[in-house]
2 protein chains.
Amino acid sequence: MQKIADLRYSSAVLQWDQETYMPVKGAAMRGRQLATLAELAHEQFTSPQMGSMLRSLKERRTLSAAEMRNVELSLQDYDKNCKLPASYVRRLSEATNLAFHAWIDARRKNTFSIFQQSLQHLIDLKKQEAEYLGYVHHPYDALLDEFDKGQTVAKLDNIFNSLRPRITEILEAVASRPQVEDGFLRGNFNKDAQWALGIEVLGLMGYDFEAGRQDISEHPFTTNFSSQDVRVTTRIDEKDFSNMLWSCIHEGGHALYEQGLPAGEYGLPLGEYCSLSIHESQSRLWENCIGRSNSFWEKYVYLLEKYFPEQFKNISTREFYKAINKVSPSFIRTEADELTYHFHVIIRYELEKMLIGGSLEPRDIPAAWNELYLKYLGIIVPDDRRGCLQDVHWSHGSFGYFSTYSIGSLYAAQFYAAIYGNSGSIIMPSNDLDIGKAAGWLTQHIYPHGRYYNSEELCALATGEKLNPDYFVSYATRKYKEIYGI
Amino acid sequence: MQKIADLRYSSAVLQWDQETYMPVKGAAMRGRQLATLAELAHEQFTSPQMGSMLRSLKERRTLSAAEMRNVELSLQDYDKNCKLPASYVRRLSEATNLAFHAWIDARRKNTFSIFQQSLQHLIDLKKQEAEYLGYVHHPYDALLDEFDKGQTVAKLDNIFNSLRPRITEILEAVASRPQVEDGFLRGNFNKDAQWALGIEVLGLMGYDFEAGRQDISEHPFTTNFSSQDVRVTTRIDEKDFSNMLWSCIHEGGHALYEQGLPAGEYGLPLGEYCSLSIHESQSRLWENCIGRSNSFWEKYVYLLEKYFPEQFKNISTREFYKAINKVSPSFIRTEADELTYHFHVIIRYELEKMLIGGSLEPRDIPAAWNELYLKYLGIIVPDDRRGCLQDVHWSHGSFGYFSTYSIGSLYAAQFYAAIYGNSGSIIMPSNDLDIGKAAGWLTQHIYPHGRYYNSEELCALATGEKLNPDYFVSYATRKYKEIYGI
């Protein structure tokens, strides 16, 4: 298992390099190198010896509970991976690599059609993958399950159908009130100063720079090659203060989780994260519940004075807090406020469901995308770059990923309530926001478990209750009522 | 063969990352990841199927000459690799990784003893490797052969014994003359300006930045992951102008060779470099014959005016040319002049011969090193950092590598004569040094052949004569006579 992890982590190094430093002409051969690593890891993991070893281990009575869980989860993974032919794994890896470069090019040139053919190929492959893996109700279920074990279209439809009207209600209340001024978040924010601020914030979150580093990439991401080498990336827009900082905190939340996983379980399920929903709960908890709280900025307002004294000299902490929480329908998911964010996710979820279900053709994505943005957010998408080309995920073949962002946000609100209490006002005095308290709680309740529990079990264990979207609705209602004086 | 190349190039990406960007705590797991890749590449390459496929291909009458040569060379490599057990390959990879980090630490702390144990382990492994590979006269022959096919202690003793007195003669003549002033090469040379100068010089050499990049590392090196992704690294000393620039040109020479190898032969012998001696001939040709010529600086003196106008405002091109060719025994190989350089190599060669032969123990390296520096260069080594800890090579397990630096320099002088003619004065008017002429000659005579010929055959084909050290002696004699007015 650890040798297979070595191969997977080697792929991750090659991918990290590809998205940060690789020269353009390196792409073609990098694609085949990644495909070979993926194919080999798959071959090694799905060898008959692996299966018989795992099955015989499962019969051993002398294993500890943790060892047994490693065996069970490995066997689940084994059985699942055996459903995918090695040739399929290689083709997917190669197609993903081509699609990534096509996406980069399409995005640069703001033209979806450049990406369309690669995307079509990837979707065909993912449909085939759903058939290989099997499903009961909807082929998309097979893909959702890969990111969050047990997740289904039925469950998500249920959650999103209940969430949508409740968010719409808050949104409408917000729209009826005077709007928040946030013009001062745009202007001229020096690149180096933004970078230094990001690094300082990562440091105060507890990110260990001896076991990680930050670099620049087209699309921010976190990756790791062990729990001792967990890297984040960011992008900087000199005209927009919000663009980098919360993306930095977001990736930092992911990274803290990876750095906190049990190092001794390298390559084994108990050394891996629970699910992508739980991973997203970590990033969203830090980015939003903490990083957009008034208490955080009451405490760390000196950072603004340190890095951008001119830009913020006439802005009060209260004004700043309101601005970074301004609710307004917009085009870019990663820059969306906490409320409209869910619509960005729901739109992608609905499109993917149709693409994998076969009721939407890839060539119709831009039109369908723009239609849904008009329907849910009432805005007209001006071009593909600010529309269906904005996210890297599809170019990675990650269909079924987006919904974990919303579900993660719901978990985040539930964890936040467990950490800081849910009874008092959403406006805490700065002394009450001790971020060490969040770090401590996560280190105790989330990080050490690896994949021992699935998302729902972990949530129940940590908070005493399984996923309950009311925490998010209550958090959001109180927060925006206070900000907008509703 | 191409899948095996994918694994080897993946290792190269992990190694590049390790020496440029990897956070310190990443080292331990990186070591095992590299070991797994090395072990897998070895396993795949030495599988019985590989052997029988290669042997059956060798019998095919329909192969082209190039295809047949790929088969023959692969079979040679196969037979050689089969002599090394997979467990040995893994142990060597792990030991190398530990040794590399011990070396970094030892060098930082200027203490050989920190490195000693890892080095001892590596030397034991390399002795064992020599036994596995087999040799006729001296175990060191088996290791020399890995870097330059057919190279032996007997041949090298012969070359070095003839070279040493002839270089000493020039050195003594130089010592009897008034010394060259080069104080202006030390001072304060801004890091960013040095970096930009290095990038510009790489560009004018013809290095393709779309198929490569430069980064900073402890020890400059060139690596590649295909002929379309060839990377160089450098280091910058703000107090010393010479430190970076010629190292940059040196690595650039290596990189041009790799970028020039046939891209269509990815993963096959004809897509690989001939030998490390020929590789070094490329770096030394650019670094010294071209990069330290008066003609180069008559042509490109504007670079000094552009990047360091203050530092060089009262320095004539003639003074600059003399300074960058100052002959003076010194401690650091990579900063040595073209004459004393050979002694740095000969010292390492003699030490390795004793270490592998068993007549020198690793713990005695510092004493033996310092003794030889006193004997050949008349200087007293002040500490390990400026002594036996200066080079990365041993920490990589590269025993048998150093001699290729001297042999490469001899090839370089011979190629230089073939390109620009050997009859005229060493001082060419700047118009006569068209670096495009060198690039063109190398592109015609060296790059396209890959490993088709061995070093001696390639040299004979390119210059009409096999390796003849007289070219170097004649080049050096004329150059230093002119500079020192001998």
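Which one of B:Ser87, B:Ser93, B:Ser118 is more than 27 Å from A:Ala211 (Cα to Cα) and not basic (Lys, Arg)?
On the way: B:Ser93 fails: more than 27 Å from A:Ala211 (Cα to Cα); B:Ser118 fails: more than 27 Å from A:Ala211 (Cα to Cα).
Unique residue meeting the criteria: B:Ser87.
Determine, yes or no, whether A:Ile278 is open to solvent by less than 20 Å² (accessible area, probe 1.4 Å) and either more than 14 Å from chain B (Cβ to nearest Cβ) or in a helix (DSSP H, G or I) (or both).
Details: open to solvent by less than 20 Å² (accessible area, probe 1.4 Å): yes; either more than 14 Å from chain B (Cβ to nearest Cβ) or in a helix (DSSP H, G or I) (or both): yes.
Yes; evaluated as a whole, the condition is true for this residue.
Which of the residues spanning the range B:260-270 are within 12 Å of another protein chain (Cβ to nearest Cβ) and either aromatic (Phe, Trp, Tyr) or crowded, with 21+ Cβ neighbours inside 10 Å (or both)?
Residue satisfying the conditions is B:Tyr266 alone.
In the range B:80-87, is there at least one residue being assigned to a helix (DSSP H, G or I), free of Cβ contacts under 8 Å to residues at least 60 places away in the same chain, surrounded by fewer than 14 Cβ atoms within 10 Å (Cβ to Cβ) and among the polar types (S, T, N, Q)?
yes
Got a sec? Which helices (runs of 4 or more DSSP H) wholly within the range A:1-71 have at least 2 residues that are open to solvent by less than 20 Å² (accessible area, probe 1.4 Å) and facing another protein chain (nearest Cβ under 10 Å)?
Working: elements: A:2-20, A:27-45, A:48-58.
In the range A:1-71, the matching helices (runs of 4 or more DSSP H) lie at A:2-20, A:27-45.
Among the residues of the range A:163-191, which ones are surrounded by fewer than 13 Cβ atoms within 10 Å (Cβ to Cβ) and part of a helix (DSSP H, G or I)? Full working, then the answer.
Taking the range A:163-191 first, the residues surrounded by fewer than 13 Cβ atoms within 10 Å (Cβ to Cβ) are A:165, A:169, A:172, A:176, A:178-179, A:181, A:183, A:188, A:191.
Correct list: A:Pro165, A:Glu169, A:Glu172, A:Gly183, A:Lys191.
Being open to solvent by 10 Å² or more (accessible area, probe 1.4 Å) and polar (S, T, N, Q) is the filter here, so list the residues in the range A:325-379 that pass it.
A:Ser328, A:Ser330, A:Thr334, A:Ser359, A:Asn370
Output the number of the condition that A:Tyr140 fails; it satisfies all remaining conditions of (1) assigned to a loop (DSSP other than H, G, I, E, B); (2) surrounded by 18 or more Cβ atoms within 10 Å (Cβ to Cβ); (3) of a type in the set (Ser, Thr, Tyr).
It fails just one condition, (1).
Determine, yes or no, whether B:Val327 is at pLDDT 95 or above and either in contact with a Ser or Thr (Cβ under 6 Å, 6 or more places away or on another chain) or in a helix (DSSP H, G or I) (or both).
no
Which of (1) open to solvent by 30 Å² or more (accessible area, probe 1.4 Å); (2) modelled with pLDDT under 95 is the odd one out, the single condition A:Ile419 does not satisfy?
(1)
Among the residues of the range A:108-163, how many are among the polar types (S, T, N, Q) and over 19 Å from A:Asp391 (Cα atoms)?
From the range A:108-163, those among the polar types (S, T, N, Q) are A:110-111, A:113, A:116-118, A:120, A:128, A:151-152, A:158, A:161-162; that's our starting set.
If we keep only those that are over 19 Å from A:Asp391 (Cα atoms) too, we end up with A:128, A:151-152, A:158, A:161-162.
Residues in the range A:108-163 being among the polar types (S, T, N, Q) and over 19 Å from A:Asp391 (Cα atoms): 6 in total.
Here's the yes/no breakdown for (1) touching an Asp or Glu at 6+ places or on another chain (Cβ under 6 Å); (2) over 21 Å from B:Tyr471 (Cβ atoms):
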{"residue": "B:Gln228", "(1), (2)": "no, yes"}
{"residue": "B:Val232", "(1), (2)": "yes, yes"}
{"residue": "B:Glu238", "(1), (2)": "no, yes"}
{"residue": "B:His250", "(1), (2)": "yes, no"}
{"residue": "B:Leu261", "(1), (2)": "no, yes"}
{"residue": "B:Pro269", "(1), (2)": "no, yes"}
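Among the residues of the range A:309-339, write down those that are more than 16 Å from the chain's Cα centre (by Cα) and either among the hydrophobic types (A, V, I, L, M, F, W, C) or over 20 Å from A:Phe184 (Cβ atoms) (or both).
First, the residues of the range A:309-339 that are more than 16 Å from the chain's Cα centre (by Cα): A:309-331, A:339.
Correct list: A:Phe312, A:Ile315, A:Phe320, A:Ala323, A:Ile324, A:Val327, A:Pro329, A:Phe331, A:Leu339.
Kindly evaluate B:Ser295 against the criterion of being modelled with pLDDT under 95 and surrounded by fewer than 21 Cβ atoms within 10 Å (Cβ to Cβ).
Details: modelled with pLDDT under 95: yes; surrounded by fewer than 21 Cβ atoms within 10 Å (Cβ to Cβ): yes.
Yes: the conditions hold for B:Ser295.
Where residues in the range B:223-252 are closer than 23 Å to B:Ser11 by Cα, more than 11 Å from chain A (Cβ to nearest Cβ) and of a type outside the set (Val, Ile, Thr), which of them is farthest from the chain's Cα centre (by Cα)?
Step one: of the range B:223-252, the residues closer than 23 Å to B:Ser11 by Cα are B:223-235, B:251-252.
Imposing the further condition that a residue be more than 11 Å from chain A (Cβ to nearest Cβ) reduces the set to B:223, B:232-235, B:251-252.
Okay, now just the ones that are also of a type outside the set (Val, Ile, Thr), so B:235, B:251-252.
On the way: B:Arg235: 16, B:Glu251: 8, B:Gly252: 11 Å.
Result: B:Arg235.
Select from the range A:176-222 the residues that are within 14 Å of chain B (Cβ to nearest Cβ) and either within 30 Å of A:Gly485 (Cα to Cα) or modelled with pLDDT under 95 (or both) and list them in ascending order.
Scanning the range A:176-222 gives a single hit, A:Ser217.
The values are calculated or read from the model by the stated rules, or taken from the named source; none is laboratory data. Just so you know, these numbers come straight off a predicted model, no measurement behind them. Neighbour counts run over all protein chains shown; Cβ positions are idealised from the backbone, glycine included. Each accessible area value is taken on the protein alone, full model and side chains, heavy atoms only, with ligands, DNA and RNA left out. Shrake-Rupley method; radii C 1.70, N 1.55, O 1.52, S 1.80 Å.
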